[in-house]
Amino acid sequence: MTDITIKTLKIKDLEVIIPLIKQLNPNTAILDLKNKQTAMFKFDNYTCFGLFKENKLIT
């Protein structure tokens, strides 16, 4: 049986999040993506979720 979970992601998960964001924004520099995502985590009303399949972030 496949292990699928949804988890809340935190700023410490940035290195896992950025490759997926890069797929959606291939023309944006990784440093810019990191800076934008870091800024988003500072908002009180921002929550980032990830779908994991067998402990690998897939979306």
From the options D13, D44, residue that is assigned to a helix (DSSP H, G or I) and of a type outside the set (A, V, I, L, M, F, W, C): D13
Those residues that are closer than 15 Å to K42 by Cβ and either in contact with a Gly (Cβ under 6 Å, 6 or more places away or on another chain) or among the aliphatic types (A, V, I, L, M) (or both), I need them from segment 1-16; list them, please. L9, I11, L14
Condition set in contact with a helix residue (DSSP H, G or I) (Cβ under 8 Å, 6 or more places away or on another chain) and of a type in the set (D, E, K, R), scope segment 1-57, selection surrounded by the fewest Cβ atoms within 10 Å (Cβ to Cβ): answer is K10
State which residue pairs qualify: first residue within 12 Å of L57 (Cα to Cα) and inside segment 11-32, second residue modelled with pLDDT under 95 in any location, beta carbons under 9 Å apart, and separation of 6 or more residues or different chains. D13/L57; V16/K56; V16/L57; I17/L57; P19/L57; L20/L57; L20/I58; L20/T59
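The values are calculated or read from the model by the stated rules, or taken from the named source; none is laboratory data. Just so we're clear, the structure is a prediction, and the values are computed from it rather than from any experiment. Note that we place each Cβ from the backbone using ideal geometry, even for glycine, and neighbour counts take in every protein chain shown.
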